[in-house]
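> My structure is below; once you've seen it, I'll send some questions.
The values are calculated or read from the model by the stated rules, or taken from the named source; none is laboratory data. Computed from a predicted model, the values in this text were never measured in an experiment. Every residue, glycine as well, gets a Cβ built from its backbone with ideal geometry; the counts of neighbours run over all protein chains shown. Only protein heavy atoms, including side chains, enter the accessible area calculation; ligands, DNA and RNA are left aside. Shrake-Rupley method; radii C 1.70, N 1.55, O 1.52, S 1.80 Å.
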Amino acid sequence: MSLDIFLRDGFAVIPAVFSTLQCDAIATSVDTPVSDLAGTRSLLIHAWCRALAGTLRAHAGVGALIPAAHVAVQCTYFEKSVDKNWLVPVHQDLSIPVRARIEHPALRGWSEKEGTLFVQPPAELLETLVAVRIHLDPCLEDDGPLQFVPATHARGRIDAAEASRLRQDGPVVTCAVDRGGALVMRPLALHTSSKATGTSRCRVLHFVFGPPELPHGLRWEHAVG
């Protein structure tokens, strides 16, 4: 059922991937590298995070949505709360972390974040990526959960004007996720989130899985099989 929803809409919620005790243990590991930050993109350098990527691959529900040959290429931490609060306009995730800059007309949008190079590769590559968001706390209606415009992952790159129109025309689906659940998504699916209006703390680990080989001479910054 989750696979059918994922293929159709570009996202699916899988409940109870981790227990309360497991969430507590993961949160303890996260707290050390991130300290007081609202987020970081570089958690995959840590052994516990690399092991967690393997745990996701081995989970029956999550693993069924990730192509067998894919490797973990990034893990980002987000925290949204009363003190760390923001909204995100409707968008697609277009950038990937790579080891070195390659000059090629198919590559654009180069940037550097936390010492890592990012680039926007061709849509054909972006269409293959799968992101898995682990929720260490409940992310319910008041916590600023992600909202999606279904089936937009199959439209390739969408410019800002078209994204806004699709968001306005709808439908828009809110993906509330309880503690220990996972939200699996295609990064090209149009998504947005509002500011949290409640008082809860909402911590998320956002893994990205992609093909081991990249086009045009690019190499992943990190790749965990």
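> Among the residues in region 129-149, are any basic (Lys, Arg), out of contact with any Phe, Trp or Tyr (no Cβ under 9 Å at 6 or more places or on another chain) and outside any helix (DSSP H, G or I)?
Looking through region 129-149, none of the residues is basic (Lys, Arg), out of contact with any Phe, Trp or Tyr (no Cβ under 9 Å at 6 or more places or on another chain) and outside any helix (DSSP H, G or I).
> What is the one condition in (1) open to solvent by less than 20 Å² (accessible area, probe 1.4 Å); (2) modelled with pLDDT of 95 or more; (3) of a type in the set (Gly, Ala, Ser) that ALA196 does not satisfy?
(2)
> So, GLU103, is that one open to solvent by 90 Å² or more (accessible area, probe 1.4 Å) and either aromatic (Phe, Trp, Tyr) or not in a loop (DSSP other than H, G, I, E, B) (or both) or not?
Answer is no for this residue.
> Identify, please: which residue in region 199-225 is under 19 Å from GLY181 (Cα atoms) and in a loop (DSSP other than H, G, I, E, B) and is, among those, least open to solvent (accessible area, probe 1.4 Å)?
SER200
> Which of the numbered conditions does VAL132 fail, given that it passes all the others? Conditions: (1) over 15 Å from ASP9 (Cβ atoms); (2) open to solvent by less than 60 Å² (accessible area, probe 1.4 Å); (3) more than 15 Å from the chain's Cα centre (by Cα); (4) modelled with pLDDT of 95 or more.
Single failed check for VAL132: (3).
> Hey, can you tell me all the residues within region 42-64 that are within 23 Å of LEU140 (Cβ to Cβ) and open to solvent by less than 40 Å² (accessible area, probe 1.4 Å)?
Once the filter is applied, which keeps residues that are within 23 Å of LEU140 (Cβ to Cβ) and open to solvent by less than 40 Å² (accessible area, probe 1.4 Å), region 42-64 yields LEU56, GLY61, VAL62.
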